[in-house]
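The values are calculated or read from the model by the stated rules, or taken from the named source; none is laboratory data. What you see is a predicted model; the values in this text were computed from it and never measured. Cβ placement follows ideal geometry from the backbone for every residue including glycine, while neighbour counts extend to all protein chains displayed. All accessible areas refer to the heavy atoms of the entire protein, side chains included, with ligands and DNA or RNA removed. Shrake-Rupley method; radii C 1.70, N 1.55, O 1.52, S 1.80 Å.
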Amino acid sequence: MSKFLATAAMVVGGVALIATGVGAAASLGIGISQATLATATTVAKVAGFAAAALMATSSLTAAKGSAGGSPDEWKADPDAGIDIVFGDAYNGGHIIYRTAYGDKNKYQSIVTEWSIGPVQSLDTLYIDQIARPAVGGVVTVPNQGFIHEARQRGLCPEPAALTVAPSQPYGWTAAHKLSGKAATIMTFEYDTKGKNTQTSIPTCGWRGKGVLCYDPRLDSTYPGGSGPQRASDQTTWAWSNNPYVVGLTWCLGWKQNGKLVAGVGLPIAGILVDQFVEAANVATAMGWTVGGVKSTTDDKWDVLKDILQAGAGEPLRLGALLGCIVQRPRVSLATIDRNALAQGDITIAAMQARRDRINTIVPRYWGEETSTDASSGVTTTTWAEVPAAPIVVADYVAADGRQVRKEASYPLVQCFAGQQPTQAAQLARYDLENSREFGPITLPLKIRWMGYKPGDVVTLDIPEAGLEGQAVMLLTRSLEASTGVVTITARSETLAKHAFALGQTATPPVSPGLPANAWEWDVPGLAELEDTVAAQGEQLATLPADGTFDFQVPLA
């Protein structure tokens with residue numbers, strides 16, 4: 001084995017040990033234990049599985065996920081997947097069974113799947129957008145005849161099938177337990193001779209606390225954790241609306257009878273748990289929550305992006321491992337100067353394109369709206385994706401010379417009646433600020449930089465590239481095995497944007513970019529960018545049309 005390959009093996013082995021929780025001390029040894037080899041085998045398997053399951057490669061600049069389904073509807077679709085309710089949310093669910101029976105079809109029963117289970121609770125039934133109490137299985141609906149209802153949390157297995165008065169519908173037997181499905185059964189009773197009776201089936205929906213999740217902070221076997229939860233035992237999991245606890249559990253997946261029913265299904269060894277724990281602590285401190293509905297037919301990578309988006313985060317892949325990054329102030333870990341560079345081209349996108357450098361953003365979120373009828377005193381509740389007030393940064397509008405407006409959807413961010421959409425506004429401010437960071441910046445580095453990972457912040461001090469004391473966040477990292485060159489991509493990272501995004505200051509940061517005279521410096525290789533430059537080393541008069549230039553800095 002060559003000296004380079006031996007060094008690379010030590011670096012990669014150390015990173016793998018740290019990422020899988022073996023500990024920093026063990027990674028300093030010069031030998032590779034059997035445990036390390038076993039971990040490497042597991043991670044290698046994860047690499048192929050994650051690529052297929054997630055359907056995409058990670059990037060901190062990736063587009064946001066899709067908006068998903070419509071939880072406000074009570075749906076009947078035989079081709080639909082199974083809903084997964086996250087956090088505290090409203091969902092109409094999917095009708096899976098419906099029949100009329102009894103004398104003159106007096107009764108009509110409807111069975112609805114609300115979510116995979118088990119869930120924490122099904123709390124409130126809404127009939128025609130009005131919260132209705134159910135006492136002893138009988139729902140009180142004035143002037144609407146009788147409605148009977150029963151619910152189950154989706155235990156696996158359920159002890160018994162759902163039953164409801166006054167009698168079981170035809171074809172619904174004790175074997176129809178719907179184990180692992182949070183579900184309801186409703187029977188509507190018609191009395192053609194009575195004054196109060198149903199004339200049509202009303203619209204129904206339920207609000208409740210959704211799926212149970214694994215939180216490493218409540219696991220005493222995880223370093224720093226305390227509690228009974230275990231990643232491999234779903235019976236120990238508990239309800240959570242923390243975006244990163246839900247996101248981590250989505251990566252693990254929910255299993256029933258040993259089979260994966262929702263989520264990705266990654267082994268815990270394939271997840272950078274420490275990154276999810278760090279981000280979960282940030283979300284807890286900030287009060288960021290996740291809530292809403294997704295389906296088992298939704299793209300797994302898009303769902304993960306939507307979950308983490310609710311906590312100002314994004315997923316990332318580090319080789320075969322899956323991790324995440326959360327928006328927070330970060331300290332620079334090291335300085336990259338010309339001595340760190342390896343042979344190769346440096347590529348810099350000096351600024352964001354004008355169309356991408358937004359200065360006005362309209363966040364959209366799921367909002368609960370209530371209204372009370374003055375005469376009857378009845379309160380109706382509706383759920384819909386609604387826009388918040390536009391966020392306009394006047395300083396940026398003036399600098400750009402025009403308003404560049406964009407709508408941003410946050411499908412798993414909710415605002416309940418009486419609350420302000422603070423979370424949606426904070427996330428939108430972060431998206432606005434990040435749209436003004438410049439990059440990507442691509443640098444070839446020496447092998448010792450293999451230990452740094454996406455999400456780390458470092459300082460670039462390469463005057464030849466116009467980068468002096470410039471903080472950047474690493475986006476990707478790759479290793480060329482034949483040469484030992486570590487290639488990173490990064491984007492600028494402005495520390496002052498955090499206080500502005502969180503409303504701690506009203507003064508926006510100055511939009512980052514390379515110095516105006518960066519194109520005039522004598523940079524070897526820069527002259528070839530324009531035909532009008534006659535010889536290497538002459539000054540450039542204009543910036544390339546795409547804002548990107550490539551060149552090589554002479555190595556020290």
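Legend: calculated FRET efficiency, Ala481 to Leu333, from the Cβ-Cβ distance at R0 = 25 Å, rounded to 0.05, equals 0.50. Residues whose amide H falls under 5 Å from that of Leu322, counting only those 5 or more places apart or on a different chain, are Ile271, Leu272, with hydrogens built in the peptide plane.
Need the C-alpha centroid separation for the range 203-228 versus the range 333-405, integer Å. Here the two parts' Cα centres lie 30 Å apart. In the calculated pair-distance distribution of the range 258-348, the portion above 18 angstrom amounts to 60 percent of the Cα-Cα pairs. From the Cα gyration tensor of the range 78-187, with a ≥ b ≥ c the square roots of its eigenvalues, which class applies: rounded if a/c is under 1.5, or else prolate if a/b is larger than b/c, or else oblate? Taking the square roots of the gyration eigenvalues as a ≥ b ≥ c, the range 78-187 is oblate. Modelled this way, with points 7 Å down the Cα-to-C-beta line, the labels at Leu260 and Asp77 are 2.3 nm from one another. Among 100-109, 203-212, the peptide with the highest mean count of other Cβ atoms within 10 Å heads the list, and the full ranking is 203-212, 100-109.
Mind ordering 331-338, 405-412 by average Cβ neighbours within 10 Å, highest first? Please list the in-between numbers first.
Details: 331-338: 14.4, 405-412: 20.4.
Averaged packing, sorted descending, gives the order 405-412, 331-338.
Computing FRET efficiency as 1/(1 + (r/R0)^6) for Val392 and Gln420, where r is the C-beta to C-beta distance and R0 is 22 Å, gives about 0.80. Per residue, the range 198-265 exposes 39 Å² of accessible surface when a 1.4 Å probe is rolled over the protein heavy atoms with every protein chain present. Remark: the range 107-173 carries 44 Å² of accessible area per residue (probe radius 1.4 Å; ligands, DNA and RNA excluded).
Would you mind calculating the gained length between Ala165 and Lys106 on full extension (0.36 nm times residue separation, minus the Cα-Cα distance), in nm to one decimal? Don't skip to the answer; put the middle values down first.
On the way: separation 59, 0.36 × 59 = 21.24 nm, distance 1.30 nm.
Gain on stretching Ala165 to Lys106: 19.9 nm.
With all protein chains present, how much of the accessible area of the range 239-352 (probe radius 1.4 Å) comes from carbon and sulfur, to the nearest whole percent? Show your work: numbers first, answer last.
Working: 1810 of 3550 Å².
Taking all protein chains in place, the range 239-352 shows 51 percent carbon and sulfur surface.
Out of all Cα-Cα pairs in the range 425-509, roughly what percent, to the nearest whole number, are more than 23 Å apart? Tail of the P(r) past 23 Å holds 32 percent of the pairs. With each label modelled as a point 7 angstrom along the Cα→C-beta vector, the Thr284-Arg448 pair spans 3.7 nm. Residues whose amide H comes within less than 5 Å of that of Glu468, counting only those at least five positions distant or on another chain, are Ile462 (H built at 1.01 Å from N in the peptide plane).
If R0 equals 25 Å, the separation of the Cβ atoms of Thr235 and Ala175 corresponds to a calculated FRET efficiency of about 0.55.
Around the amide H of Asp123, modelled in the peptide plane, lie the amide H atoms of Arg207, Gly208, Lys209, all under 5 Å away and 5 or more residues distant in sequence or on another chain. Surface composition of the range 379-446: carbon plus sulfur atoms hold 51% of the accessible area, using a 1.4 angstrom probe and ignoring ligands, DNA and RNA.
Using a probe radius of 1.4 Å on heavy atoms only, what accessible surface per residue do you get for the range 373-463? Whole Å² is fine.
Details: 3850 Å² over 91 residues.
Solvent-accessible surface per residue comes out at 42 Å².
Working from label points 7 Å from Cα in the Cα-to-Cβ sense, the Val510 to Asp299 distance is 3.9 nm. Computed over neighbours whose Cβ is under 12 Å from that of Gly210, the net charge equals +1, Lys and Arg +1, Asp and Glu -1.
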